[in-house]
Amino acid sequence: MDKRTTSHSLPEAPREFGFWMDGGWHGGREMFERASPGHGVAVTRIPKCTVADLDAAVAAARRAFEDRSWAGLSGAERAGVLLRAADILRRRRDEIAYWEVLENGKPIAQARGEIDHCIACFEVGAGAARLLHGDSFNSLGDSLFGMVLREPVGVVGLITPWNFPFLILCERVPFILASGCTMVVKPSEVTSATTLILAEVLAEAGLPKGVYNVVTGSGRTIGQALTEHPDVDMLSFTGSTAVGRSVVHAAADSNFKKLGLELGGKNPIIVFADADLEDAADGAAFGISFNTGQCCVSSSRLIVDHRVAAEFEAILAEKMKKIVVGDPLDENTQVGAITTDAQNETILSYIAKGKAEGAKLLTGGGALDQGRGSYIAPTLFSGVTPAMSIGRDEIFGPVLSSFSFSTTEEAIALANDTVYGLAASVWTKNIDTALNVSRRVRAGRFWVNCIMAGGPEMPLGGFKQSGWGREAGTYGVEEYTQVKSVHIDTGKRNHWIK
Ligand code: TXE
């Protein structure tokens, strides 16, 4: 790789972190060394915590919840902390983006954009903290008045994945904090740095000790123990559908903790013949290549009107060939490295399956040699059928499978022919078609003539096996609350014992 095209240099030595508990750093544990997926160079050293560390962190979160140092504040006071955190994140934006790139492999320009989105999450969370409210019932008769209170659920466990380590964290943390809950976070073992940096940010912003704790380590040990923990009231998990299933079992076998789950997707992008085909092709290329397709809402199934299918695929293939894949630290890079070796092998194995299953390869189709790191060319397969594994399974890579349709009903049926329901998009200039398809396709997020648009005001989450519950916005705050009905007798009691 030509160093001259790289505008940021690699760290001289791996940055060493402790884990964060009860308002301070803790260390002295065995360490896990993370190599940058784009460069193969060691960049961070992260503690492998023990289950005893996790127990201590949950106990700290429990103390902080029960002493009401956070839950007992006014919404305005909680909002003040969240807004100060937003300001500090603005100051530390480039630093956080840099460490995100080094552990994840995403392009530096994209990472900075993600931190901007995270700042917005804190600002929206601050507003939501002030606006959170319950309800009242003035309809129970003159002698009974009803109030519905929203109370924080309690101690929340938060397990996050490696594809958007900071963004997925920030689509949850401000809203959990807005509700008045305390938490223990378990980031992915390969991308823990920025979750730990957030601890410093929140402490500087004035968050009381014990409210935000981070315990690092593997999913099988720390993650599993967090899902089984009897003193965790709610667990928010983002990751694979397979682990999501085990989280449900663990909750049932422990304390029936409340769950929020954001799992896999195989998201349709439906293109009608009357769409602006140039716009739709750009959207489709972005939708599958953004974050190297390691994105739960990536549009991985193209469902295109048969009348324009060949023309559209040709425009799309030309656009995909022009995507700049390369060093994540290069400002010009659009698509960076695959985050883990395991994911790299998974994606390459699906490309091989697509070829073997008889799909027609239009562009891409293999690894790109950049001298170091793991890179895969944005790949487009045509003539895919629902029976093919590349048409059904979540690949989680830059591999787009193209289907064609003849009628709107057929397009809707194809879009819904999946166990998932995370996101979908439709491209058409006909308002009736756009609305009818949006209402019939079962997905938690829908885009019309756009893709991955929106902000933290809007809720996110999935239908079907893509998950339970919603994150972000006021819906996201409410997810971390319990509803309590309070009945107040305002008159003389009508006696039972006469
Ligand atoms: O996910 P895991 P992996 C999908 C995607 C990808 C596949 C596998 O298809 O190819 O999942 O990725 C923690 N109890 N998505 O294996 O294992 C783990 O430490 C509790 C989609 O990396 O689900 C990490 O913090 N926790 C997804 C988190 O779970 C456990 C994003 C996610 O890792 C655990 C990521 C256990 N038994 C992958 N085992 C999305 N929806 O965006 C692991 N973990």
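The values are calculated or read from the model by the stated rules, or taken from the named source; none is laboratory data. Note that this is a predicted model, so its numbers are computed, not measured. FYI the Cβ positions are ideal-geometry reconstructions off the backbone, even for glycines, and counts take in every protein chain you see.
Limited to segment 270-286, what total is found for residues that are in contact with a Lys or Arg (Cβ under 7 Å, 6 or more places away or on another chain) and either within 16 Å of the ligand (Cβ to nearest atom) or in a helix (DSSP H, G or I) (or both)? Summing the residues that are in contact with a Lys or Arg (Cβ under 7 Å, 6 or more places away or on another chain) and either within 16 Å of the ligand (Cβ to nearest atom) or in a helix (DSSP H, G or I) (or both) in segment 270-286 gives 3. Scanning segment 354-401 for residues that are basic (K, R) and surrounded by fewer than 17 Cβ atoms within 10 Å (Cβ to Cβ) turns up K355, K360, R372.
Residues that are within 30 Å of W99 (Cα to Cα) and away from the ligand (no atom under 14 Å from the Cβ) within segment 138-170 comprise V155, V156, C170, listed in sequence order. Tell me whether segment 424-435 contains one or more residues that are away from the ligand (no atom under 16 Å from the Cβ) and under 19 Å from the mean Cα position of the chain (by Cα). Within segment 424-435, one or more residues are away from the ligand (no atom under 16 Å from the Cβ) and under 19 Å from the mean Cα position of the chain (by Cα). Across segment 219-230, not a single residue is classified as among the charged types (D, E, K, R), closer than 21 Å to A61 by Cβ and more than 9 Å from the ligand (Cβ to nearest atom). Against the conditions (1) part of a loop (DSSP other than H, G, I, E, B); (2) farther than 28 Å from G72 by Cβ, G223 satisfies every one except (1).
Within segment 231-256, the set of residues being in contact with a Gly (Cβ under 8 Å, 6 or more places away or on another chain), more than 11 Å from the ligand (Cβ to nearest atom), of a type outside the set (A, V, I, L, M) and within 21 Å of K464 (Cα to Cα) comprises just one member, S236. Per the conditions (1) within 28 Å of G125 (Cα to Cα); (2) in contact with a strand residue (DSSP E or B) (Cβ under 9 Å, 6 or more places away or on another chain); (3) β-branched (V, I, T), the sole criterion not satisfied by T474 is (2). Residue pairs whose Cβ atoms lie under 6 Å apart, separated by 6 or more positions or on different chains, with the first residue in segment 152-167 and outside the structural domain of L196 (by TED's automatic domain parsing) and the second part of a strand (DSSP E or B) and among the small types (G, A, S), do not occur.
Pairs meeting the criteria (first residue in segment 346-358 and within 13 Å of the ligand (Cβ to nearest atom), second residue of a type in the set (G, A, S), beta carbons under 8 Å, at least 6 apart or on different chains) are T346/G397; I347/G293; I347/G397; L348/G366; L348/A367; Y350/S389; Y350/G397. Check whether at least one residue in segment 304-320 is more than 25 Å from L414 (Cβ to Cβ) and not charged (D, E, K, R), and report yes or no. Looking through segment 304-320, none of the residues is more than 25 Å from L414 (Cβ to Cβ) and not charged (D, E, K, R). If G24 satisfies all but one of (1) buried (at least 16 other Cβ atoms within 10 Å of the Cβ); (2) at pLDDT 95 or above, what's the number of the condition it fails? Only one criterion in (1) buried (at least 16 other Cβ atoms within 10 Å of the Cβ); (2) at pLDDT 95 or above is unmet by G24, namely (1). Pairing residues of segment 212-229 that are assigned by TED's automatic domain parsing to the domain that holds V201 with residues that are modelled with pLDDT of 95 or more and among the hydroxyl-bearing types (S, T, Y), at Cβ distances under 7 Å and at least 6 apart in sequence or on separate chains, gives V214/T195; T216/S192; E228/S254; H229/S254.
So which of G23, G80, G40, G72 is in the same structural domain as V190 (by TED's automatic domain parsing), over 20 Å from G206 (Cα atoms) and out of contact with any Leu (no Cβ under 7 Å at 6 or more places or on another chain)? After ruling out the rest, the residue left standing is G40.
The set of residues in segment 43-61 being under 20 Å from E200 (Cβ atoms) and of a type outside the set (D, E) consists of V43, T44, R45, I46, P47, C49, A56, A57, A60, A61. Going residue by residue through segment 94-117, is there one that turns out to be at pLDDT 95 or above, in a helix (DSSP H, G or I) and among the polar types (S, T, N, Q)? Checked segment 94-117: at least one residue is at pLDDT 95 or above, in a helix (DSSP H, G or I) and among the polar types (S, T, N, Q). Count of segment 215-266 residues, restricted to those that are closer than 30 Å to A284 by Cα, among the hydrophobic types (A, V, I, L, M, F, W, C) and touching a helix residue (DSSP H, G or I) at 6+ places or on another chain (Cβ under 6 Å), is 3. Taken over segment 320-349, the criterion of being buried (at least 20 other Cβ atoms within 10 Å of the Cβ) and assigned to a helix (DSSP H, G or I) is satisfied by M320, Q343, N344, I347.
Conditions tested, residue by residue: (1) in a helix (DSSP H, G or I); (2) farther than 22 Å from R442 by Cα; (3) at pLDDT 95 or above; (4) of a type in the set (D, E, K, R).
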residue: V247; (1), (2), (3), (4): yes, yes, yes, no
residue: G260; (1), (2), (3), (4): no, no, yes, no
residue: P268; (1), (2), (3), (4): no, no, yes, no
residue: I288; (1), (2), (3), (4): yes, no, yes, no
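Taking every residue in segment 186-199 that is more than 13 Å from the ligand (Cβ to nearest atom) and pairing it with any residue that is among the small types (G, A, S), at least 6 positions away or on another chain, the pairs with Cβ-Cβ distances below 8 Å are L196/G18.
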